[in-house]
1. Could you grab the pairs with beta carbons closer than 8 Å, sequence gap of 6+ or different chains, first residue in the stretch 165-190 and of a type in the set (S, T, Y), second one open to solvent by 50 Å² or more (accessible area, probe 1.4 Å) and not in a helix (DSSP H, G or I)?
2. Of all residues being in a strand (DSSP E or B) and polar (S, T, N, Q) in the stretch 136-175, which is nearest to P111 (Cα to Cα)? Just the residue, please.
3. Inspect all residues belonging to the stretch 120-139 and state whether any of them is under 38 Å from the mean Cα position of the chain (by Cα), open to solvent by 50 Å² or more (accessible area, probe 1.4 Å) and of a type outside the set (A, V, I, L, M).
4. How do the helices (runs of 4 or more DSSP H) wholly within the stretch 5-74 filter down when requiring 2 or more residues that are surrounded by 14 or more Cβ atoms within 10 Å (Cβ to Cβ) and at pLDDT 75 or above: which remain?
5. Can you name the number of the only condition in (1) under 19 Å from R101 (Cα atoms); (2) within 15 Å of the chain's Cα centre (by Cα) that D79 fails?
6. Please tell me if E292 is under 18 Å from D343 (Cβ atoms), at pLDDT 65 or above and surrounded by 13 or more Cβ atoms within 10 Å (Cβ to Cβ).
7. I'd like the residue in the stretch 76-95 that is hydroxyl-bearing (S, T, Y) and either under 14 Å from L56 (Cα atoms) or not in a loop (DSSP other than H, G, I, E, B) (or both) and, out of all such residues, is least open to solvent (accessible area, probe 1.4 Å).
Amino acid sequence: MNEKAIELKVKRFLETFKSKDIYNYAITLSPIFKEPERYIDYRKNLAQLLIAVPKLTEYDPKSLIFATVKAYEQGYSFDPKDAEAYFIPYKDQIQFQKGYRGIMKDLMRRPDVVDIVADVVYEDDDIEIDKDAQGRLMLKRHKINPFRKDKTKIIGAYAFVHYKIDGVIVSNGVVMSAEEIENDFRKLSMADKYAKKKEDSFWEKWKADMYKKTVIKQLRKILPPLPEETIKAYEELSRKEEEPTEERKELIKQFNEAYTKSGLTPQELKSLIYTRYFVYEPADLSDEDLKELTTLLNEKGRGVIEASTLIGNKEQKELDKLFEEKQLNEDQQAAVKQYLKIDPTKIPNTEEYQLIKAFLQENSRDKILKAIKWKEKKKKDTKPLDEILEEV
């Protein structure tokens, strides 16, 4: 594919942000879409990624937005050459996976880790690895042949971590042969399984990076557990959370009571919170969201899971068709949702979808306009979505 074709393909994909369905999904997903500077920076990163890997435009746009926003908010580079984040096709979806440098970045955040070294070993490299008195692996030398003829014959990979124990820097590592990596890890890789063509697989395109990622991930198993006080200090440094107010403490207490009565498992609760609010823990919820979730848990119990599931493309298309049949424009559609006490800026959940659908099916256009107190001549002082996006 030539540069002009790629540029056109990327441009068309970015145009999907002008779709109300996609844009509403995006602003629900992350606050970056409400902050012009961060939004523009994200769009630049996304454009560079799509230019580097144009095939990503062929997959579900919502899944790509979800994956790239997740990587962006964690501070990982989109550029495949940086090996911090990969966006891998699974069937028709795109999922985010950390590259080997992304995992290294995570490990380097530990207060006891000083440095990490990882590399692949080619057939004609000169390498020596030994053990110290405690049985920890040491890399003594790795001499490479910069003029090697065949750069595909990788025979193995290693990763070494230098860390502190009682103030003394020690090292340990993981060493694997190519056969081990291929048989024990690549065969289990979903990225390899769902690649449309063998040459599209990340294991083929970036074999050396995937080998390094495999051994680096194993470093977690050989690093000693951090002392409890160190973990607490590290978490406080990372999150910089302030002491909750008395009002916040009371909200947390009410939430915990509602959660206990609901009978949800911890995993169900996390799934619910992420699906509805796009954060991972109750502690990350705002006071308003915590109040709302507490009320929902008290009213619906386990039924809150279904009520919080966001609708997909199929349901959204059904609503769009019903709105079109009633000849309702975007402003009138928003007014309908407000009338039904549904946030018009967010994707409806399953329960809200049923409410909107029933309202549209059971009422004529005139009754709908009368219910929302719509005056045909009234003009709203709001800019069209296209203009807003162009300004951003």
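The values are calculated or read from the model by the stated rules, or taken from the named source; none is laboratory data. No experiment lies behind these values; they were computed from the predicted model shown. So basically every Cβ, Gly included, is an ideal-geometry build from the backbone, and we count neighbours across all protein chains shown. For the accessible areas, the whole protein counts, side chains as well, though only heavy atoms, and no ligand, DNA or RNA atoms are used. Shrake-Rupley method; radii C 1.70, N 1.55, O 1.52, S 1.80 Å.
1. S171/M138; S171/L139; S171/H162; S177/I155
2. From the stretch 136-175, those in a strand (DSSP E or B) are 137-143, 154-165, 168-175; that's our starting set.
Now drop any that are not polar (S, T, N, Q), which leaves 171-172.
Working: S171: 15, N172: 17 Å.
Among residues in the stretch 136-175 that are in a strand (DSSP E or B) and polar (S, T, N, Q), the one nearest to P111 (Cα to Cα) is S171.
3. Yes, the stretch 120-139 has at least one match.
4. Values: elements: 20-29, 36-52, 61-73.
The helices (runs of 4 or more DSSP H) meeting that bar are 36-52, 61-73.
5. That leaves (2) as the condition not met.
6. Numbers: under 18 Å from D343 (Cβ atoms): yes; at pLDDT 65 or above: yes; surrounded by 13 or more Cβ atoms within 10 Å (Cβ to Cβ): yes.
Spelling it out, E292 is indeed under 18 Å from D343 (Cβ atoms), at pLDDT 65 or above and surrounded by 13 or more Cβ atoms within 10 Å (Cβ to Cβ).
7. Our first condition is that a residue be hydroxyl-bearing (S, T, Y); within the stretch 76-95, this holds for 76-77, 86, 90.
From the residues that got through so far, the ones that are either under 14 Å from L56 (Cα atoms) or not in a loop (DSSP other than H, G, I, E, B) (or both) too are 86, 90.
Details: Y86: 3, Y90: 27 Å².
Out of the qualifying residues, it is Y86.
Results for (1) modelled with pLDDT of 75 or more; (2) part of a helix (DSSP H, G or I); (3) touching a Ser or Thr at 6+ places or on another chain (Cβ under 8 Å); (4) farther than 30 Å from I273 by Cα, shown as yes or no for each residue.
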residue	(1), (2), (3), (4)
Q327	yes, no, no, yes
K341	yes, no, no, no
K346	no, no, yes, no
Q361	yes, yes, no, yes
I368	yes, yes, no, yes
K378	no, no, no, yes
D381	no, no, no, yes
